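Asker: Quick one: the structure is below, questions incoming.
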Amino acid sequence: MPETRYDVIGDQYAATRREDPRIAALIHAALGDARTVVNVGAGAGSYEPRDRQVLAVEPSEVMIAQRGPALSPAIVGAAYPLPLEDRSVDAAMAILTIHHWDDDQERGVREMRRVARGPVVILTFDPEVSARMWLMADYFPEVVELDRSTLPGPETIARWLGGEVTIREVPIARDTLDWSLGSFWAHPERVLDARARSSTSGFARMPPEVVDRVVAAVERDLEDGTWDARHGHLRELDEYDAGLRLLVGTPA
C-alpha cells in the first residue's frame with residue numbers, strides 16, 4: 001500500500017468512519033476467545049477490540065495520529081511482511097483495507113494466516129454486489145471498474161486463506177456511523193457532502209472531473225425527483241446489502 005494514499009484521504013477518517021456497533025459485534029465474535037490480535041491496515045482503529053492485546057500495523061502516519069488514547073499504539077508497516085513469527089498471535093484481522101494493499105494482497109492475506117494460530121477475520125466488499133448499488137450502477141461506473149481491478153472477490157480471498165472459510169453477508173444499516181461508500185445506499189444527499197466523499201476511497205481516488213460529474217448528476221436528479229422516482233423505495237428500508245462481507249478463516 002503506498003504510504004501516501006491515506007495520508008491524503010484519511011484526514012477526516014476518525015470523524016466520518018466511526019464504528020458501527022452491529023458490525024463491531026460480528027467482528028469481535030468472529031475473533032472468538034483470542035487474547036492477542038494483529039490488526040493489519042489498522043487505520044484509526046475502528047473495530048479494534050479494546051479488551052484484548054492488539055498489535056496494530058498501519059502504513060499511514062496520518063491515520064495513526066487519529067487513533068484514540070484507549071487504543072494500543074500502532075507500528076508503521078504494511079501487510080507484507082508482518083513483523084511476527086509463525087503462529088505468534090491468537091488471531092489476525094483486516095477491516096476494509098485489502099483493496100489498498102496493491103501487489104501485497106495475496107501475500108498479505110497469507111501472512112495473516114501464517115502469524116495467526118486461530119481465526120483470520122477480514123471485512124471487505126464483494127465488487128460484483130456493490131456494483132449493483134444505485135450509485136455505481138447509475139452514476140459511477142468508474143468506481144466499479146476500479147473495484148474490479150483492485151478488490152479481490154471473497155472467494156479469491158478465501159482461496160488465499162486456505163483451511164475452512166465462512167463468508168457472511170453483512171447488511172449496512174441506514175443509521176450506520178461508518179460512512180463507507182456502501183452506506184450511501186440510504187443517503188444520496190451524502191454524495192453532495194465533500195467531507196463524506198473524501199473519506200471514501202472510491203471518491204478520493206477519482207479525478208476531480210469525474211467526481212464533479214457524479215455530484216452534478218446526483219444533485220440534478222435529487223432536485224427534479226428523478227432519483228426518488230427510480231430509487232425512492234430505498235428510503236423505506238432499514239438495511240441493505242451493498243456487498244459488505246465478513247470472512248472468517250480457521251486453520252486446516
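Asker: Do we have any residue at all in segment 112-121 that's in a loop (DSSP other than H, G, I, E, B), within 21 Å of ALA252 (Cβ to Cβ) and in contact with a helix residue (DSSP H, G or I) (Cβ under 9 Å, 6 or more places away or on another chain)?
Answerer: For segment 112-121, residues in a loop (DSSP other than H, G, I, E, B), within 21 Å of ALA252 (Cβ to Cβ) and in contact with a helix residue (DSSP H, G or I) (Cβ under 9 Å, 6 or more places away or on another chain): present.
Asker: Another question, then. Select from segment 53-65 the residues that are part of a loop (DSSP other than H, G, I, E, B) and in contact with an Asp or Glu (Cβ under 8 Å, 6 or more places away or on another chain) and write down the one among them that is surrounded by the fewest Cβ atoms within 10 Å (Cβ to Cβ). Walk me through it before giving the result.
Answerer: Residues of segment 53-65 part of a loop (DSSP other than H, G, I, E, B): 59-60, 65.
Going one step further and asking which of them are in contact with an Asp or Glu (Cβ under 8 Å, 6 or more places away or on another chain), we end up with 59-60.
Numbers: PRO59: 24, SER60: 26.
Result: PRO59.
Asker: Among VAL120, VAL144, VAL129, which is crowded, with 22+ Cβ neighbours inside 10 Å and out of contact with any Ser or Thr (no Cβ under 6 Å at 6 or more places or on another chain)?
Answerer: Among VAL120, VAL144, VAL129, only VAL120 is crowded, with 22+ Cβ neighbours inside 10 Å and out of contact with any Ser or Thr (no Cβ under 6 Å at 6 or more places or on another chain).
Asker: Of all residues in segment 73-95 being outside any strand (DSSP E or B) and crowded, with 21+ Cβ neighbours inside 10 Å, which is nearest to the chain's Cα centre (by Cα)?
Answerer: ALA79
Asker: Take the conditions among the hydrophobic types (A, V, I, L, M, F, W, C), in contact with a His (Cβ under 7 Å, 6 or more places away or on another chain) and in contact (Cβ under 8 Å) with a residue 12 or more places away in the chain and apply them to TRP134. Does it pass?
Answerer: Yes: the conditions hold for TRP134.
Asker: Within segment 44-73, which residues are in contact with a strand residue (DSSP E or B) (Cβ under 6 Å, 6 or more places away or on another chain) and modelled with pLDDT of 95 or more?
Answerer: Residues satisfying the conditions are TYR47, GLU48, ARG52, GLN53, VAL54, LEU55, ALA56, VAL57, GLU58.
Asker: Which one of these does GLY232 not meet: (1) within 22 Å of the chain's Cα centre (by Cα); (2) surrounded by fewer than 17 Cβ atoms within 10 Å (Cβ to Cβ); (3) small (Gly, Ala, Ser)?
Answerer: Every condition holds for GLY232 apart from (1).
Asker: Of everything in segment 36-52 that's β-branched (Val, Ile, Thr) and closer than 18 Å to ALA24 by Cβ, which residue is surrounded by the most Cβ atoms within 10 Å (Cβ to Cβ)?
Answerer: Only one residue fits best here, namely VAL40.
Asker: A follow-up question, please. For segment 101-111, which residues satisfy the criterion of being outside any loop (DSSP other than H, G, I, E, B) and surrounded by fewer than 23 Cβ atoms within 10 Å (Cβ to Cβ)?
Answerer: Answer for segment 101-111, where residues must be outside any loop (DSSP other than H, G, I, E, B) and surrounded by fewer than 23 Cβ atoms within 10 Å (Cβ to Cβ): ASP102, ASP103, ASP104, GLN105, GLU106, ARG107, ARG110, GLU111.
The values are calculated or read from the model by the stated rules, or taken from the named source; none is laboratory data. Since the structure is predicted, the reported quantities are computational estimates derived from the model, not experimental observations. In this analysis, Cβ positions are derived from the backbone assuming ideal geometry, glycine residues included, and neighbour counts consider all displayed protein chains.
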